[in-house]
Amino acid sequence: MPHPNDSNSSPHEMLKGSKPDISYLRVFGCDAYGLVPEHSRTKLDSRSKRYIFIGYAPGQKGYLLYDQDSGFTSTHRSVIFNEGSFGGREESTALADPDEPEVNSDRDYREQDTDEPEANSDCDYTEQDAEFTARQRCVTFDEDLFDGREISMTQYQPEHFEHNDESTVDTLDDRTCPDDTDVRKGRRPIGKVQRYGDLVHHNWINSLHQKSNYIPENFKEARLCSDSCLWMQAIQEELNSLLNHETWQEVETLPPGKKAIGCRWIFRIKTLRTADLPKDCAWVLKHLSNGIFLRYKARSVVQGFRQNAGVDYDRTYAPVMRTDIFRLLMALSIMDQNIIAEQMNVVTAFLNAHLTEDLYMNTPEGSDSRSKFVKLLKSLYGLKQAPYEWFKTLDTFLVKDQGFTQIKSSSCLYLKRISPKELCIVGVYVDDLLIIGHPDPVHDLKNALKRRFDMADLGSLKQCIGIGIHRDPAAGKVFLEQEKYIEEILQSFQMDNCKPQPTPINFGMKLSKEMCPKTEDDHNQVRQFEKSMNYKAAVGHLIWLLHTRPDIAFAVGEVSRFVDNPGPAHFVALKRIFRYLRGTSQFGLLFERKDQSDYANLALRGYCDSDWAGCVDTRRSTSGYCFLVNDCLISYRSKRQRSTALS
């Protein structure tokens, strides 16, 4: 308000001598693009997301944004506003309902709400009219925000909130009845004004109950969603595991100079088949049709980004098994028909490693602990050193306790030779163990692992890191495929019903930077392509598919050079790869055993070739190579050379 002695100045200006800064004020309800944190996205995801601006965060500097997709509100500081758009619509049509006419005049009320003829409008105002009025009341928002328009409450109010009508609307017995003129003009008594934030909150709760198989973002959402019973069971299962492993020790206060690290819950749903379920598993499962199960997983994760290097952790690197080593193991598994291939999973693997640093953490939500802080004794998920500590623990067990030898060229591969004709090989991929060898040493190792760690026995090897494995030891064949993954990405990029193509790339086609968008027409075409396909994300999915599809290696290498600024021609080439996959989704790698195969006489062969100055932009050549062990393809690559070849 202006100062009484100076109508042109505000009290702030009179006191401070300067006008208040109101640059942070934004148009209520407009589109806002909030920054997605790095820990919530991958390098292929978008860095921002569109929200609706609904207010300012209390007690901190930030904006409250509403997510239309999930129905949740969140606080953001890095925000870009589009004050001319409201929910993706222009300002002139932002509040218009396409299904109902806009209610903003007395004439609209007379035409829509008044059932009696005009001649009978002088009748008495009865209790039935009062009840009808209460049901059809309208809520008026602030005039500065919505230009005084009136919005029907039935458009926003959830069904489970209707029982509060009697408490929020006064009946006509407790107040003065409006005169006949007001009734004749169609004016309705307005009850208690509901704020927009309340409507968003109740719609958010209602949306959680309606969504099935929804993955919550935090503990609060897990308690309110439709599958809250399953999620709470998964949380309790994780807490019990933490207590059984003696992961932490409760403390009342922190030592001087120590700060507690925060933690949060991470939720995931994993699709499993009946054959994938281990024996006597205690997982939280939801049974669907056709023998499909959904496993609900909850993890208490430490906010490791708050750790200080050199103080809270030192070494962090932990190796994982490369895909060429995985293919080598699959080739070795068919050299002898007596060889078996088993898979085991370490339950809460990181909790088996001890910590050497003094770390303190806030007590997780949902825990029965009365203390506010805990001291970490074991390596918890999210810690910087957690992968390293777990791998060191497993390496000590395999080498010192079980007598395995670590392969120097591949730190995740362990070998134990019992006799000239009996051996056991272990491949490690974080908490997944691939055990290949003769039956006796394999079973001995599995029993030793069960005594040392909490293990889930997955039985015969059927799937690993998303690759389907079909073994036939008697026939000496193993087939590696990613058909399920191909179907998922085809559906994700709306290419599941496309027309198949016989080759992944057109013969003689040369992609270059000259095909990048330059004109406005090129940019418009790119925008049309991006509506159904994110170029960078699509290339990333294809790179992961190369584990079993060497036939698309060259084509993927060509389109991956233009992820920063793809043009229409690049999108066409990318879609051709997906059309090729549409017709060859069942293709994969087939390994077959030779009659003369023997571990002592493995035949290793390699082939390589290259074009000359095949790259139009740099005049560099593209090389390709492949290596085979007993005619089983284990390693291959297609890559542009680093330097320009002169001959």
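Identify all residues within the range 537-586 that are of a type in the set (A, V, I, L, M, F, W, C), open to solvent by 10 Å² or more (accessible area, probe 1.4 Å) and closer than 21 Å to Y625 by Cβ; write none if there are none.
I543, W544, L546, A553, F554, listed by residue number.
Restricting the range 621-640 to residues that are open to solvent by less than 60 Å² (accessible area, probe 1.4 Å) and over 28 Å from M515 (Cβ atoms), which is modelled with the lowest pLDDT?
N630
Mind checking whether some residue in the range 373-384 is polar (S, T, N, Q), in a loop (DSSP other than H, G, I, E, B) and crowded, with 19+ Cβ neighbours inside 10 Å?
Scanning the range 373-384, I find at least one residue that is polar (S, T, N, Q), in a loop (DSSP other than H, G, I, E, B) and crowded, with 19+ Cβ neighbours inside 10 Å, so the answer is yes.
Within the range 417-431, count every residue that is out of contact with any helix residue (DSSP H, G or I) (no Cβ under 6 Å at 6 or more places or on another chain) and crowded, with 17+ Cβ neighbours inside 10 Å.
Qualifying residue count for the region: 6.
Quick one: in the range 304-351, of everything that is in a strand (DSSP E or B) and of a type outside the set (G, A, S), which residue is farthest from D432 (Cα to Cα)?
Taking the candidates together, the pick is Y313.
Cβ-Cβ distance below 6 Å, separation of 6 or more or different chains: which pairs start in the range 288-303 with a residue that is without any contact (Cβ under 8 Å) to a residue 24 or more places away in the chain and more than 18 Å from A234 (Cβ to Cβ) and end on one that is polar (S, T, N, Q) and surrounded by 15 or more Cβ atoms within 10 Å (Cβ to Cβ)?
none
When you go through (1) in contact with a strand residue (DSSP E or B) (Cβ under 7 Å, 6 or more places away or on another chain); (2) of a type in the set (D, E, K, R); (3) loosely packed, with under 12 Cβ neighbours inside 10 Å one by one for D69, which number turns out not to apply?
Here D69 clears every test but (1).
Go through the range 427-458 and report how many residues are among the small types (G, A, S) and in a helix (DSSP H, G or I).
Qualifying residue count for the region: 1.
(1) touching an Asp or Glu at 6+ places or on another chain (Cβ under 9 Å); (2) among the charged types (D, E, K, R); (3) assigned to a helix (DSSP H, G or I): which one isn't true of E558, the others all being true?
Among (1) touching an Asp or Glu at 6+ places or on another chain (Cβ under 9 Å); (2) among the charged types (D, E, K, R); (3) assigned to a helix (DSSP H, G or I), E558 violates only (1).
Hey, among the residues in the range 523-535 that are surrounded by 15 or more Cβ atoms within 10 Å (Cβ to Cβ) and not aliphatic (A, V, I, L, M), which one's farthest from L574 (Cα to Cα)?
Once the filter is applied, the top-ranked residue is Q525.
Any chance the range 497-512 includes a residue that's open to solvent by 60 Å² or more (accessible area, probe 1.4 Å), out of contact with any strand residue (DSSP E or B) (no Cβ under 9 Å at 6 or more places or on another chain) and of a type in the set (D, E, K, R)?
yes
When the residues of the range 589-620 are narrowed to those that are open to solvent by 80 Å² or more (accessible area, probe 1.4 Å) and among the basic types (K, R), which ends up modelled with the lowest pLDDT?
Going through the qualifying residues, I end up with R619.
Can you find even one residue in the range 316-334 that is in contact with a Gly (Cβ under 7 Å, 6 or more places away or on another chain) and surrounded by fewer than 18 Cβ atoms within 10 Å (Cβ to Cβ)?
No, the range 316-334 has no match at all.
How many residues does the range 346-380 contain that are closer than 30 Å to C424 by Cα and either without any contact (Cβ under 8 Å) to a residue 40 or more places away in the chain or among the aromatic types (F, W, Y) (or both)?
Qualifying residue count for the region: 3.
The values are calculated or read from the model by the stated rules, or taken from the named source; none is laboratory data. Predicted model only: the values in this text are computed from it and were never measured. Reconstructed Cβ throughout: ideal geometry from the backbone, glycine too, with neighbour counts over all protein chains shown. Surface areas here come from the heavy atoms of the whole protein model, side chains and all, with no ligands, DNA or RNA. Shrake-Rupley method; radii C 1.70, N 1.55, O 1.52, S 1.80 Å.
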